[in-house]
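Report on one structure; see the data block that follows.
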Amino acid sequence: MSVRRDVLQRLIKSGFQVTPDALEYIMNQESPTRVVESLVSKWGSQEKGGILLSLEHVQSCVTGLVTSPVNGETVVEIIKTDNESAVTETLQEYVLPSESDRESIEILKNPSPAAVGSAGTVDDFLALFTDRFQRIKRMYMARVDTRGAVSIDTLKQKKDDTRHQKRLYSAGVPAEPLPSYMIIGMVKSKSVSRSGNVVVELEDAEGSVACVIPSGRAGPEGRDLLESGNSLLLDEVVCISGRVDQDGRMIANTVVFPDIPQTVDRLRARRDVYAVFISDMHYGSLHFLEDEFDRFIEWISGRDLHSPADEAIVEKTEYLFIAGDLCDGVGVYPGQEEDLGIKSILDQYSRLADKLRHVPERIKIVCIPGNHDACRQALPRPPIPEAFASELYKFGDRMFMMGDPCQVRVEGVNILVTHGDSLDDLTTQLPGVTYEKPNLAMKALLRKRHLAPMYGGKTELAPLARDWMVIDTPPDIVHFGHAHHNACDNYRGIQIINSGCFQRQTDFMRKQGIKPTPGIITLVNLATLMPELKFFYDYGAQPSGENTGNQ
């Protein structure tokens with residue numbers, strides 16, 4: 001704890017402020033004080049509050065890359081207690097951006113085409129999963145309740161102690177209770193026994209071990225333990241504690257996810273300014289709700305306002321986020337041509353751009369691709385290529401064509417945007433998760449600190465040296481689509497938004513069990529992080545037999 005205090009004091013005295021995840025990264029290095037001295041040496045002492053160090057800045061210093069930090073003001077207070085059983089690091093953070101941060105979008109993470117190429121070799125896959133394991137392991141090692149984890153090889157050596165204890169017990173000799181151990185590993189396999197026990201095989205760089213999550217434990221703790229076991233996904237990194245039996249298996253007592261630190265306050269803007277969140281327009285589809293989308297464009301342009309409240313919101317709206325599936329695409333699923341009103345992908349983007357041009361120029365637009373867009377299927381996706389969407393690229397500085405996932409800081413607010421492809425896997429693998437409840441899926445992903453844990457399922461993952469789907473820095477807002485079902489929720493201070501769609505239910509959706517809630521946009525005041533909904537679809541007048549799902 002004294003080293004941590006010394007690190008903070010050295011940074012503060014040198015004029016640096018540091019984000020919580022950056023501080024965690026520093027403390028996980030072999031010599032935290034040496035890293036701090038490198039930071040001070042690289043950028044020199046600053047006036048008080050002059051530089052805000054993010055995780056990316058610290059990583060660049062450690063790896064020898066050159067990155068310039070950004071101006072900002074932040075106060076970070078870290079409180080730790082040894083007896084907390086869930087997330088033991090509580091962060092109290094409230095950031096007010098400086099004047100220069102206003103009306104700006106700072107790109108924190110964006111998979112550019114140059115960064116996401118891969119030869120697809122075995123070594124590439126090994127690098128991907130090694131990077132995932134190491135980065136999530138660092139999250140665990142930064143926590144009081146999990147930093148004592150041992151390697152799997154060390155754990156397996158404890159089976160001899162268990163056998164010795166059992167022999168003593170059989171001989172009537174009093175023996176000490178078996179100690180509990182904690183390991184961090186990646187889920188290699190998962191099965192359920194006849195008695196309902198969940199059996200997972202965890203692996204790390206040194207070996208693998210079977211972990212039994214029992215179904216017969218009584219009380220709320222036993223129920224929570226089994227629920228955690230049932231929610232484990234293949235290839236996710238998790239921490240499990242328990243005792244070792246004589247066969248070298250771990251009998252689990254607790255399952256601990258990386259999770260989101262408990263936060264009292266989230267990053268907020270200094271002024272009242274709104275961001276609008278939409279996705280899944282599927283322009284070019286015969287089922288695209290053109291009238292409803294046109295009403296939305298009229299509304300955001302200030303030409304179709306029916307109340308003073310709307311006028312106040314529109315005047316303060318300066319950001320528009322689109323979480324993929326801008327167009328319906330071509331050849332995405334069998335028989336799609338029968339559902340297309342515009343059969344050329346170039347025409348789809350060109351005509352959508354004509355509509356988006358009516359959005360006031362003061363509003364900055366952030367677009368990412370979805371699985372229907374003219375982009376590769378494997379995640380992470382680079383931005384939609386200019387060759388397909390040249391008209392969108394002509395919007396200039398107000399258009400941000402980003403990859404999936406991307407993370408930006410807008411007026412001090414950290415916003416993570418992803419299309420949400422992994423919903424296709426989570427709806428079949430996680431109890432209770434459906435397309436009608438996409439918020440439950442995102443809560444699970446936040447707990448796992450990964451946007452697409454499973455490899456080999458419906459969600460394609462590119463084998464890269466860096467796992468872009470790891471949630472290194474917890475956002476203030478996470479925005480996704482794909483479900484076509486609007487949902488707002490909050491998890492440990494993070495505002496969760498699934499932005500619905502602008503497309504009626506198709507036969508393909510019906511077969512997939514997707515019941516859309518079209519024509520609903522989500523607005524968030526970045527000064528309060530409170531969401532509001534605005535309806536552009538008349539649910540009372542929907543055609544007979546059309547199922548738009550729950551609102």
(message) For a quick check: with amide H placed at 1.01 Å from N, whose amide H comes under 5 Å from L379's, ignoring anything fewer than 5 positions away on the same chain?
(response) E460, L461, A462
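Calculate, in nm to one decimal, what V122 and R351 gain on full extension: separation in residues at 0.36 nm each, minus their alpha carbon distance.
78.2 nm
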(request) For segment 297-306, just list the computed ³J(HN,Hα) in residue order, Karplus coefficients 6.51, -1.76 and 1.60, θ = phi - 60°, integers in Hz, with x standing in for Gly and Pro. (result) 5, 4, 5, 5, 7, x, 9, 9, 10, 10
(request) Report, by chain and number, residues whose modeled amide H sits under 5 Å from the one on L340, excluding near sequence neighbours (fewer than 5 apart, same chain). (result) L286
(message) What's the ranking of 399-412, 22-35 by average number of surrounding C-beta atoms within 10 Å, highest first?
(response) 399-412, 22-35
(request) Using θ = phi - 60° and the Karplus relation 6.51 cos²θ - 1.76 cosθ + 1.60, list the HN-Hα couplings for segment 276-286 in order, rounded to whole Hz, with x at every Gly or Pro. (result) 9, 10, 9, 6, 6, 6, 6, 4, x, 7, 5
(message) I'd like the distance separating the alpha-carbon centroids of segment 357-422 and segment 106-136, in whole Å.
(response) 20 Å
(message) In whole Hz and in residue order, list the ³J(HN,Hα) couplings for segment 180-188 that follow from phi through the Karplus curve 6.51 cos²θ - 1.76 cosθ + 1.60, θ = phi - 60°; x for Gly and Pro.
(response) 9, 10, 10, 10, 10, x, 9, 6, 8
(request) Work out, step by step, the length gained on full extension between S151 and R510: first 0.36 nm times the residue separation, then minus their alpha carbon distance; give nm to one decimal. (result) 124.6 nm
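First check a/c for segment 233-331, with a ≥ b ≥ c the square roots of the eigenvalues of its C-alpha gyration tensor; if it is under 1.5, answer rounded, and if not, answer prolate when a/b is larger than b/c or oblate otherwise. Numbers along the way, then the final one.
Values: a/c = 5.20, a/b = 1.97, b/c = 2.64.
Because a/c hits 1.5 or more and a/b fails to exceed b/c, segment 233-331 counts as oblate.
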(request) Give the long-range amide H neighbours of N253: residues separated by 5 or more places, or on another chain, with amide H under 5 Å away, using H modelled in the peptide plane at 1.01 Å from N. (result) S241, G242, R243
(message) Just want the answer: with Cβ charges of +1 for Lys and Arg and -1 for Asp and Glu, which residue in Q348, I300, A374 is farthest toward the dipole's positive end in segment 234-377?
(response) I300
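Taking 0.36 nm per intervening residue step and subtracting the Cα-Cα distance, what contour gain separates A465 from S104 on full extension? Display every interim value, and only then the final one.
Working: separation 361, 0.36 × 361 = 129.96 nm, distance 3.04 nm.
Length gained, A465 through S104: 126.9 nm.
What net charge do the residues around E206 carry, taking every other residue with its C-beta under 11 Å from that of E206, with Lys and Arg at +1 and Asp and Glu at -1?
On the way: positive: K156; negative: D153, E203, D204.
Net charge around E206: -2.
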(request) Within 10 Å, count the other beta carbons around each residue, average over each peptide in 463-470, 222-229, 518-525, and list them highest first. (result) 518-525, 463-470, 222-229
(request) Would you mind checking the pairs K109/K343; K190/K515; K316/K364; K109/K448; K364/K394; K437/K458 and listing those with alpha carbons more than 24 angstrom apart? (result) K109/K343; K190/K515
(request) Could you point to the residue in V244, S191, S208 farthest towards the positive end of segment 182-270's charge dipole, with +1 and -1 charges on the Cβ of Lys/Arg and Asp/Glu respectively? (result) S191
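Kindly state, to the nearest 0.05, the FRET efficiency for Q29 paired with A115, given R0 = 25 Å and r defined as their beta-carbon distance. If you can, show how the numbers build up before the last one.
Numbers: r = 24 Å, r/R0 = 0.96.
The calculated FRET efficiency here is 0.55.
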(request) Could you pull out which residues in segment 496-526 have an amide N less than 14 Å from a spot 7 Å beyond the Cα of E338, following the Cα-Cβ vector? (result) 506-511
(request) Between S189 and E361, take the C-beta separation as r, use R0 = 51 Å, and let me know the FRET efficiency to the nearest 0.05. (result) 0.40
(request) Provide, for q = 0.10, 0.24 Å⁻¹, the log10 of I(q)/I(0) from a solvent-free Debye sum over equal Cα point scatterers in segment 434-541. (result) -0.34, -1.33
(message) How big is the dipole moment of segment 396-535 about its Cα centre under a simple scheme where the beta carbon of each Lys and Arg is +1, that of each Asp and Glu is -1, and everything else is neutral? Debye, nearest 20, please.
(response) 300 debye
(message) Please enumerate, by chain and number, the lysines with C-alpha under 16 Å from the C-alpha of K158, excluding those fewer than 8 residues away in the same chain.
(response) K166
(request) Quick one: net charge around T522, please, counting Lys, Arg +1 and Asp, Glu -1 for every other residue with C-beta under 10 Å from its C-beta. (result) 0
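Each reported figure results from applying straightforward, stated rules to the coordinates on display, with no laboratory input. Predicted model, so just to flag it, every value in this text is computed and none were measured. FYI the Cβ positions are ideal-geometry reconstructions off the backbone, even for glycines, and counts take in every protein chain you see.
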